[in-house]
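Below is one structure; the comments refer to it alone.
What follows is calculated from the coordinates using simple rules that are stated; it is not laboratory data. Worth saying up front: this structure is predicted, and the values here are computed from it rather than measured. When we count neighbours, we look across all protein chains shown, and the Cβ atoms used for this are built from the backbone with ideal geometry, even at glycine.
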Amino acid sequence: MIRLEKRPSPSRFWQGATPVLAVVLTMIAGGLMFAALGKNPFDAIRTIFWDPLFHPQFASYSRPQLLVKAAPLILIAIGLSLGFRAGIWNIGAEGQYIMGALLGAGVGLAFYPADLWFIFPLMVVAGAFGGWVWAMIPAILRTRFNTNEILVSLLMVYIAENILSSMSLGLLRNPEGGGFPGSRNLSQYPAASNPEMIAGTGMHWGVIAALMAVIAAYVLLQRHILGFHIKLAGQAPRAARYAGVNPTGLVLLCMGISGALAGLAGLFEVAGPAGRISIDFNVGYGFTAIIVAFLGRLNPIGILLAGLLMALTYIGGELAQFMLGLPAAAIQAFQGMLLFFLLAVDLLSNYRIRLGYKKEAI
Amino acid sequence: MIGGIDPALLISALMVASVPILLAAIGELVVERAGVLNLGVEGMMIMGAVCGFIMAVQTGSALLGFVGGALGGAALSLIFALLTQVLLANQVASGLALTLFGLGLSSLIGQSFVGIRPPSTGTVPFGPLADIPFLGRVLFRHDWVVYASVALVAATWWMLKATRMGLILRAVGESHDAAHALGYKVRKIRVLAILFGGAMAGLGGAYVSLVRVPQWTDGITAGAGWIALAIVVFASWRPWRALVGAYLFGGITVLQLNLQAAGARIPVEYLSMSPYLITIIVLVIMSSGRGKASLNAPASLGKNFHASR
Amino acid sequence: MTRPDLLRVEGVTKTYPGVVANSDVSFAISQGEIHALLGENGAGKSTLVKMIYGLVKPDQGRMTLRGASYAPVEPRAARASGVAMVFQHFSLFEALNVAENVALGMENPPPMKELASRIRAVSQEYGLPLDPARMVGDLSAGERQRVEIIRCLLQDPKLLIMDEPTSVLTPQEVDILFKTLRQLAAEGTAILYISHKLEEIRALCDEATILRRGKVVATCTPRERSAREMAELMVGATLTPPARAGGNKGVVALEVADLSVASPIPFGTSLKNVSFRVAKGEVLGIAGVAGNGQDELLLALSGEVKAARDAVRIDGAGIGDTDPTTRRKLGLVAAPEERLGHAAAPDMSLVENALLSGAVRQNLTRNGFIDWPATERFAAAIVADFDVRTPGTQVAARALSGGNLQKFVVGRELSQSPSVIVINQPTWGVDAAAAASIRQAILDRAAGGAAVVVISQDLDELLEIADSFAALNEGRLTTPRPVAGLTVDEIGLMMGGAHGMEVAHHGH
């Protein structure tokens, strides 16, 4: 008979070890899934986790992609993690990402073809603002009307997607694009573009923003009373009120930060790697970032590593699609599986597993 | 109301349109009444949609398709049950994981079924009843799932209100500690409720791929699971109100589709976002003011149970 | 009196990781006997009865019921054998009505209509009126206990276990309960009565088994022993009551006038026109049965619930609409009843928990940045000054025993040189020695000039440390009176007499 026994204090060892264990378990289960799809599991795992970085032929293309894909994931996940720690569930980052991109690109395109120094900085502000506004809607509905922010923020994604397609067919459509949907290409508009800074590295402003977010979040959570209050509110809401934390303010703050960071991620993406607004501009970073946040144990440094790992599965997945004919959806299932295993092994940090015959009535 | 839209057709279409969310909402309602918040409805629905579709295509029987859909949804919910009831994982995160995984897995196993037509689901022959003017067209020309969904609402209502099983389920959702102290098997009851919720979401998903659309494409449920979750809140955890909520939502969906078809002046995108927008507005109305829906929420909703000393 | 033994417990042992809850416990109870199980908090009484009720399985030892071996695997089996239990923390469902709650405690309940009429009949027969259609969340603590008792009685139990039943009752309600229990015993039901209140046991019980640290230390007939003798057996030491410096009351420090707030707690009690004043150096004791507005009063004083500005004044300044941080700056500290989850965050370390309420008055932050070394020193000082038994300050709060965490929480508040102190249930669940030291610390702060409000359900405690006394009843506070000269009857009436008796009698 297996029993669970609550540890007196959370185990520090397992807090660090569970993500690693989850990755290993996911590789095993994923391998089985790939085998079921008729692929050699070892080839598949190697193609996903090793080749993007070290393959003699493809690594030079895929290595820079690592930062390109990791930056938005980390940026969004850092914001989400603050809310998740406080028990505030913004799961509509995908929508905030879209709105940040739309507003940011909109501001940039409004100046086309002017060449002014402040256009890009203004776009950055607009991108953050777009995401912030979109996140404020569920935040204010929660604080003012006690509406569930999980459902509202998620439903707002569908609304944002419709606005995106309306914009790329209408207001933001490239007038010189021959009627095809999609905006002008911002990467061909220097004053509004977010270019690769050092060729072959994938480094762009979004990567710098992500690193800054990691550092800021780390300091906030470790050293600042606000970070302490965020943790407190998530672990013991009543103790937080007792400590003087204003729950309304905390909801607005956490939702606002996560929305602004998601909006920034969208702006950097549209002005850089993606280049333009199109109907299928969003590729699910806002949802994958949820996995990244949990895989990083809601810890800024952990999120940095988790973001890189998750970016690797994206790139490796594309490579496996190209080389082994592994379906794209397999990678999505693989990422979902990772979150399952992570949640499953997470209990090791708070509970001991006992094997024995002593049985309590459960 | 608007030229070119026939009210009988509209009502009859809304009854069909609301079936998937109604089924999923009734399942989730039972789960939440047992004190468990499963946010993976969308994932379970889409698994139901793909499993039901494959089963129906392979066997040529729509009925077996629905069985397959229910099994698919229940199988995925079993993972959620394992995570939250045995491994005590956070319910919000586990539900999200279920949705993310379900979306990926369904698209993986459904990829060779794109573009196929499933066997059709039979209409119930009501004979002369179907020929009654207006009423016949509104009420008596549907497939059997439409009637089954209403019957399931009634059965759930009766089960929760009048049976001992329903009383125990509500007790577990209200206070798992007290239920445990009285000797009820909190975990077992919750696992069963989760499986029921999964099967119902799976049925709802199968209805989307077998009747509503009817074919298989990636992401076919398009947020229906989230709307089902919203309807549970709208319904204040009461079955008949869930029916009202689902029909209301179905009505809006059908209306906006009709408006699109009728070539209304409003751009298509704004019409197709309207169901989500209206769901949010309804949520706000239900959560605020005197009739605060949250007051009726089961007291242990979303809290994990671990029998310590 | 040689009645046959109904239940024998022989050599029962139960260990939890790090704790021996029961060690080689034996006793017997016969038909129609009222048997007391006496012991301090943490002596192992609850574990023992949970084993008898099938919630916990013993590691060693055996039990026999009416001569046959008895080892219930679950409460259902215990109930089937005729063992019923009334819990200390109620096993009731607030959002369900009385009849539904009763049905959940029965194996084969009759249809609801029949059940309702049986509830009415039995409740009248035993003098415990109850309306089966009422929502349990709306009932008083005493009425809720009636629901539990009726639930047991409907199953015609041979052995009725009652875990600390009087802690939620007014003195008048205790009298009614004792009448019922004596009636049941006369009908042949054995009653296992758990308590640490000695006078009650002397008034009610035929036999007593005294537990200390999980072991049986004595068996006696309570009527033949003095309360003092039994107390020493129970505690294992002689206790000295706290010393008070008696004295000069200063100017009014805390003034509450016409305080009315709606309860933020589901099925909670709203405060209605609460007024009182506490002077520097004065201890005001507020009594009341649980659920009569104690939690709400603490929340309104601590600032977690806001009221009208002038409803609460410190040194004359209105602060009723300010937040906890502002009030702490002005010298008000508060310790809520619930230690884990309210006064302390269970998974956080003692250092973090010291920061939780100490940040403001102890200057533990600079521009919002936390001074961890200073916080660490503050936590260590609390641990040293209040004799908190812990391996260190980095352990999680939940790892501490209830008594030690209580010392930490009370110590944290008292260490902030407060001018106004509000404490709800300062010694709840704490052993006698620790309780005495907490009370002494409170009196010391009062002697140092602090105005103190102690909210407690323990009348003895209040009479021991308070200068003036008031009671909360359904959210209303009686006018405070000096403690000197109060009788138990007067106190009982201040607490509201017997709740719900009149209502139920008129109702049918």
Tell me which of C:LEU92, C:ALA36, C:GLY142 sits at the most positive position along the dipole axis of segment C:12-160, charges placed on C-beta atoms (Lys, Arg +1; Asp, Glu -1). C:ALA36
Sorted from largest to smallest, which semi-axis lengths in Å does the alpha carbon gyration tensor of chain A give for its equivalent ellipsoid, taking the root of 5 times each eigenvalue? 35, 28, 17
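Note the per residue figure in Å³ for the convex hull of the C-alpha positions in segment A:233-286. Don't jump to the answer; show the numbers that get you there.
Working: hull volume 5.2 nm³, N = 54.
Hull volume over Cα atoms, normalised by residue count, gives 96 Å³.
Take the Cβ-Cβ distance between B:ASN304 and A:LEU171 as r, set R0 to 30 Å, and report the resulting FRET efficiency rounded to the nearest 0.05.
On the way: r = 47 Å, r/R0 = 1.58.
My answer for the efficiency is 0.05.
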At R0 = 22 Å, how high is the FRET efficiency between C:LEU330 and C:ALA447 if r is their beta carbon distance? Nearest 0.05 is fine. 0.55
With r as the distance between the Cβ atoms of B:LEU9 and A:VAL20 and R0 = 56 Å, compute the FRET efficiency 1/(1 + (r/R0)^6) and round to 0.05. 0.45
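From the P(r) of the protein assembly as shown, can you give the percent of Cα pairs sitting at distances over 46 Å? Don't skip to the answer; put the middle values down first.
On the way: 283788 of 694431 pairs.
Distances greater than 46 Å cover 41 percent of the Cα pairs.
Give me the extension gain from C:ASP258 to C:ALA380: residue separation times 0.36 nm, minus the current Cα-Cα distance, reported in nm with one decimal.
Here the segment from C:ASP258 to C:ALA380 would lengthen by 39.9 nm.
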Per-residue HN-Hα couplings for segment C:40-52 [Karplus 6.51, -1.76, 1.60; θ = phi - 60°; Hz; x = Gly/Pro]: 6, 4, x, 7, x, 5, 5, 4, 4, 6, 5, 5, 5
Say each of C:THR15 and B:VAL124 gets a label point 7 Å from the Cα, pointing the same way as Cα to Cβ; how far apart are those two points in nm? 6.5
How far is helix B:144-162 tilted, in degrees, relative to the longest principal axis of the Cα atoms in chain B, given as a value from 0 to 90 rounded to the nearest 10? 30
Given 20 °C, 1.002 mPa s and a Kirkwood radius over Cα pairs, the Stokes-Einstein diffusion coefficient of segment A:71-215 in µm²/s is 130
Whose amide H sits under 5 Å from the amide H of A:HIS224, counting only residues 5 or more places off or on another chain, with H placed in the peptide plane? C:ILE370
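How big is the Kirkwood radius of segment C:338-417, worked out from every pair of different alpha carbons and given in Å to one decimal? Don't skip to the answer; put the middle values down first.
Numbers: mean 1/r = 0.0820 Å⁻¹.
Across segment C:338-417, the inverse of the average 1/r is 12.2 Å.
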Considering chain B as a Gaussian network with a 10 Å cut-off on Cα pairs, which listed residue, B:GLY245, B:GLY205, B:GLY127, attains the greatest mean-square fluctuation? B:GLY127
Report the per residue volume, in Å³, of the convex hull enclosing the C-alpha atoms of chain B. 145
When the Karplus curve 6.51 cos²θ - 1.76 cosθ + 1.60 is applied with θ = phi - 60°, which whole-Hz ³J(HN,Hα) does each residue of segment A:279-287 get, with x for Gly and Pro? 4, 9, 4, 7, 10, x, 4, x, 7
Please work out the C-alpha center-to-center distance from segment A:144-170 to segment C:172-227 and express it in whole Å. 65
Can you compute the modelled spin-label distance between C:ARG182 and B:VAL86, with each label point 7 Å from Cα toward Cβ, in nm? 5.6
Amide H contacts under 5 Å for C:ARG476, placed H, 5+ residues apart: C:LYS272
For segment C:453-469, in order, what is each residue's ³J(HN,Hα) by Karplus, 6.51 cos²θ - 1.76 cosθ + 1.60 with θ = phi - 60°, in whole Hz (x at glycine and Pro)? 10, 10, 9, 8, 9, 9, 4, 4, 4, 5, 5, 6, 10, 8, 8, 10, 9
What residues have an amide H closer than 5 Å to that of C:LYS57, excluding those fewer than 5 places away on the same chain, when H is modeled at 1.01 Å from N in the peptide plane? A:ALA361
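For segment C:5-235, what is Rg from Cα atoms divided by 2.2 N^0.38 Å, rounded to two decimals?
After normalising by residue count via 2.2 N^0.38 Å, the value is 0.99.
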Report, ordered by chain and residue number, the lysines lying within cross-link reach of C:LYS57, taken as a straight Cα distance under 23 Å and ignoring same-chain residues fewer than 8 apart. A:LYS6, A:LYS358, A:LYS359, B:LYS185, B:LYS188, C:LYS14, C:LYS45, C:LYS158, C:LYS215
Compute the angle between helix C:112-125 and the longest alpha-carbon principal axis of chain C, please, reported from 0 to 90 degrees and rounded to the nearest 10. 80
Simple spin-label estimate for B:ILE132/B:GLN260, 7 Å along Cα→Cβ, in nm, reads 3.3
Chain A: longest segment with zero exposed trypsin sites (Lys or Arg not before Pro), where exposed means DSSP loop plus at most 12 other C-beta atoms within 10 Å, is residues A:1-357
Nearest 10 degrees, 0 to 90: helix C:171-186 Cα axis against chain C principal axis: 20
Selection of chymotrypsin sites (Phe, Trp or Tyr not before Pro), segment B:43-142, meeting DSSP coil and at most 16 other Cβ within 10 Å: B:PHE126, B:PHE134
Kirkwood Rh and Cα Rg combined as Rg/Rh, chain C: 0.98
Whole-number Å³ per residue for the convex hull built on Cα positions in segment B:5-114: 130
